[in-house]
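**Q** Pasting a structure here, questions to come.
The values are calculated or read from the model by the stated rules, or taken from the named source; none is laboratory data. From a predicted model like this one, the values you see are computed outputs, not experimental measurements. Every residue, glycine among them, receives a Cβ derived from its backbone with ideal geometry; neighbour counts consider all protein chains shown. Heads up: the accessible areas ignore ligands, DNA and RNA and are worked out on the full protein's heavy atoms, side chains in. Shrake-Rupley method; radii C 1.70, N 1.55, O 1.52, S 1.80 Å.
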Amino acid sequence: MNNARDTIISSAVDIEFLEALSSCYSLFGEYKEEVLKTALIISENRSLTEMIDKLAEYVKKSTCNEAKAISFPETGDTSTDLMIPLFILLPSVDSAVDLYEKRGFSRHEVISFLGDDFRRCLSLTKMNNGNAGIDKIYYGWLCLYMKCEIFDHGIFNFQPQKFNSDMIVLKNRRTDDVFPVALCGKYHSSGLASGSAGCTDDSSSFEVVYSETEDLFNGHPVYKGKVSSSSQAFKKSEWECILRKGDDVLGLHIPRGVKLTDENTKAFLKSGMEKARRAFPEYSFKCISCHSWLLDPVLGDILGESSNIAVFAGNFLRFPVKSNGMGIFGFVFPRNYESFEDLPESTRLQRELKKMYINGRYIYVYGGVII
């Protein structure tokens with residue numbers, strides 16, 4: 001059996017179909033029995049089964065954004081409700097594998113990363129909600145895979161996309177110095193995005209003003225991840241713009257728990273870009289782009305500039321984005337807690353971050369590019 005579609009199915013909760021998916025792609029891991037048990041329960045409810053099948057068919061034919069926007073039926077039973085998004089996605093798996101193969105990915109690598117991501121999302125949903133399944137966040141993540149808009153390579157996930165930050169990047173024609181320049185927006189006196197956690201004092205904020213003439217770039221440069229409150233003019237005879245909003249970039253996602261050794265990151269960033277150029281020739285990638293709490297320079301102060309995280313972050317030209325300061329939760333701290341005082345202190349990083357948050361300080365998500 002090459003595809004689960006070789007099995008004739010009556011619905012998305014058909015046990016034979018689910019067994020075939022499990023055999024072909026190993027999607028469920030340790031949660032297989034929970035998946036099958038819930039499928040049996042749902043199959044006894046004809047109206048719910050029909051609704052799931054209709055949504056599954058819609059998702060299969062829709063765009064990624066359309067698929068993400070659907071509303072899920074609710075039964076009032078948490079364990080069942082968390083499984084419903086999974087059943088809606090499953091009939092799209094075979095066609096997703098075909099899409100990846102058409103772009104030059106081997107069947108083996110597609111099956112490997114699809115299985116990894118489904119199993120990871122089932123596990124994370126269980127950790128966050130107490131029941132296995134696919135919650136709304138992870139459903140949206142898996143939609144990207146169903147439409148072949150993301151791929152895994154090495155320790156990273158890569159997503160072809162448009163650069164969507166309100167920044168340009170300038171490069172000195174003589175020295176090759178590079179830095180971002182903010183195009184618009186309101187920023188706190190600290191240089192962080194206004195409205196971020198701890199940056200809500202409007203009296204100390206400033207508005208970025210950017211303009212461009214035939215000869216000049218006029219804007220607020222970003223130094224060490226902070227937007228300058230002063231506008232500066234840069235001569236086009238000395239500076240060129242090498243990245244603009246709307247340019248093609250290769251988005252980078254960093255899965256939980258990966259080892260960010262310098263050797264690993266450089267190798268996989270390089271080969272990931274090479275694979276993206278082959279698989280997605282319609283994109284003219286300018287750079288790698290990332291938004292992550294791992295890019296916060298404060299982590300270098302905590303762990304040391306020679307730490308893996310700090311060295312990794314140092315590869316990026318960083319700029320601030322609006323952040324609620326909660327990006328570390330679910331990563332450094334693996335589940336939700338009642339208060340900051342209840343956070344665990346098993347590692348040095350956990351201990352230091354716990355103290356920060358108790359004292360009203362935050363780790364922020366930063367944007368960054370590797371040119």
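**Q** Rg and Dmax of the stretch 1-93, Cα atoms, in Å?
**A** Rg and Dmax of the stretch 1-93, Cα atoms, are 12.6, 37 Å.
**Q** Rank Y187, Y337, Y210 by mean-square fluctuation in a GNM of the chain with C-alpha springs under 10 angstrom and give only the top-ranked residue.
**A** Maximum fluctuation in the GNM of the chain, among the listed residues, is at Y337.
**Q** Rank these by accessible area, largest first, 1.4 Å probe: H108, H253, H188.
**A** Output order, biggest surface exposure first: H108, H253, H188.
**Q** Could you let me know the centre-to-centre spacing of the stretch 176-219 and the stretch 90-114, using Cα atoms, in angstrom?
**A** The two parts, judged by their Cα centres, are 42 Å apart.
**Q** Report the semi-axes of the equivalent ellipsoid for the chain in whole Å, largest first, where each axis is √(5λ) for an eigenvalue λ of the Cα gyration tensor. Before the final figure, lay out the partial values.
**A** Numbers: eigenvalues 330, 126, 73 Å².
Three semi-axes, in Å: 41, 25, 19.
**Q** At 1.4 Å probe size, with the rest of the protein present, what percent of the exposed accessible area of the chain is carbon and sulfur atoms?
**A** Of all accessible area on the chain, carbon and sulfur atoms account for 48 percent.
**Q** Would you mind telling me which residue in D53, D342, D117 has the biggest mean-square fluctuation in a Gaussian network model of the chain, where springs connect alpha carbons within a distance under 10 angstrom?
**A** Judging by the Gaussian network model, the answer is D342.
**Q** On alpha carbon coordinates alone, what is the Rg over Rh value for the stretch 257-371, Rh being the Kirkwood radius?
**A** We get a ratio of 1.03 for the stretch 257-371.
**Q** If you don't mind, another one. Nearest 10 degrees, 0 to 90: what angle lies between the long axis of helix 262-279 and the longest principal axis of the chain (Cα atoms)?
**A** 70 degrees
**Q** Shifting gears a bit: Give me the lysines in straight-line cross-link reach of K68: C-alpha distance below 27 Å, same-chain residues under 8 apart excluded.
**A** Those lysines meeting the cut-off are K32, K37, K54, K60, K102, K126, K136, K147, K162, K245, K275, K322.
**Q** Which whole-angstrom value gives the distance between the alpha carbon centres of the stretch 40-70 and the stretch 265-303?
**A** Their Cα centres are 34 Å away from one another.
**Q** Going by Cα centres, the stretch 330-367 and the stretch 131-147 are how many Å apart?
**A** Cα centroid of the stretch 330-367 versus Cα centroid of the stretch 131-147: 26 Å apart.
**Q** Which ³J(HN,Hα) values, rounded to whole Hz and listed in residue order, are derived for the stretch 145-156 from phi using the Karplus coefficients 6.51, -1.76 and 1.60 in 6.51 cos²θ - 1.76 cosθ + 1.60 with θ = phi - 60°, glycine and proline given as x?
**A** Each residue of the stretch 145-156 in turn: 6, 5, 10, 6, 10, 7, 8, 9, 8, x, 9, 10 Hz.
**Q** Oh, and also: How tilted is helix 348-358 with respect to the longest principal axis of the chain? Cα atoms for both, answer in degrees (0 to 90, nearest 10).
**A** 80 degrees
**Q** Can you find, among F158, T200, S231, the residue farthest towards the positive end of the dipole of the stretch 130-287? Put +1 on the C-beta of Lys and Arg, -1 on that of Asp and Glu.
**A** The residue sitting most towards the positive pole is F158.
**Q** Something else about it: Using a 1.4 Å probe, what is the accessible area per residue for the chain, in Å²?
**A** In whole numbers, the chain has 48 Å² accessible per residue.
**Q** So if the hydrodynamic radius of the stretch 40-189 is defined as the Kirkwood radius over C-alpha pairs, what does Stokes-Einstein give as its diffusion coefficient at 4 °C and 1.567 mPa s, in µm² per second? Mind dumping the intermediate values first?
**A** On the way: Rh = 17.9 Å.
The Stokes-Einstein estimate is 72 µm²/s.
**Q** Here is a further query. Can you tell me which of 14-24, 287-297 comes out highest on packing, and rank the rest after it, using the mean Cβ neighbours within 10 Å? Walk me through the intermediate numbers first.
**A** Values: 14-24: 17.9, 287-297: 21.4.
Sorting 14-24, 287-297 by mean packing, highest first, produces 287-297, 14-24.
**Q** Here's a follow-up. Quick one: which residues, 5+ away or cross-chain, put their amide H under 5 Å from the amide H of S323? H built at 1.01 Å from N.
**A** Residues meeting the criterion, in which the H sits 1.01 Å from N, are S196, A197.
**Q** What is the stretch 138-260 by shape, rounded, prolate or oblate, if you read a ≥ b ≥ c off the alpha carbon gyration tensor as root eigenvalues and call it rounded for a/c under 1.5, prolate for a/b larger than b/c, and oblate otherwise?
**A** Oblate, because a/c is 1.5 or more while a/b does not exceed b/c.
**Q** From zero outward in steps of 5 Å, how is the percent of C-alpha pairs of the stretch 42-82 spread across the bins?
**A** In order of increasing distance, the bins hold 5, 22, 27, 24, 15, 6, 0 percent.
**Q** If you don't mind, another one. Just want the answer: with Cβ charges of +1 for Lys and Arg and -1 for Asp and Glu, which residue in C241, F316, G257 is farthest toward the dipole's positive end in the stretch 220-371?
**A** Sorting the options by dipole projection puts first C241.
**Q** Order of 353-359, 312-318 by packing, highest average Cβ count within 10 Å first?
**A** 312-318, 353-359
**Q** Ok, one more. About its Cα centre, what dipole magnitude does the stretch 273-358 give when the only charges are +1 on Lys and Arg Cβ and -1 on Asp and Glu Cβ, stated in debye to the nearest 20?
**A** My answer is approximately 400 debye.
**Q** Mind checking the dipole of the stretch 99-212: about its Cα centre, +1 per Lys or Arg Cβ, -1 per Asp or Glu Cβ, Debye to the nearest 20?
**A** Dipole about the Cα centre, nearest 20: 440 debye.
**Q** Using Cα pairs closer than 8 Å and at least 6 residues apart in sequence, work out the relative contact order for the chain, in percent.
**A** 13 percent
**Q** Per residue of the chain, what 222 nm ellipticity follows from adding -39500 (n - 2.57) for every DSSP H run with n ≥ 4, rounded to the nearest 500?
**A** That comes out to -11500 deg cm²/dmol.
**Q** Which shape class applies to the stretch 150-204: rounded if a/c is under 1.5, otherwise prolate when a/b exceeds b/c and oblate if not, where a ≥ b ≥ c are the square roots of the Cα gyration tensor eigenvalues?
**A** The shape class here is oblate.
**Q** Something else: Using a simple charge model, +1 on the beta-carbon of Lys and Arg, -1 on the beta-carbon of Asp and Glu, nothing else, what dipole does the chain show about its Cα centre, in debye to the nearest 20?
**A** 980 debye
**Q** A follow-up question, please. Taking the 0 to 90 degree range and rounding to the nearest ten, how far is the long axis of helix 32-43 tilted relative to the main principal axis of the chain, both from C-alpha atoms?
**A** It works out to around 70 degrees.
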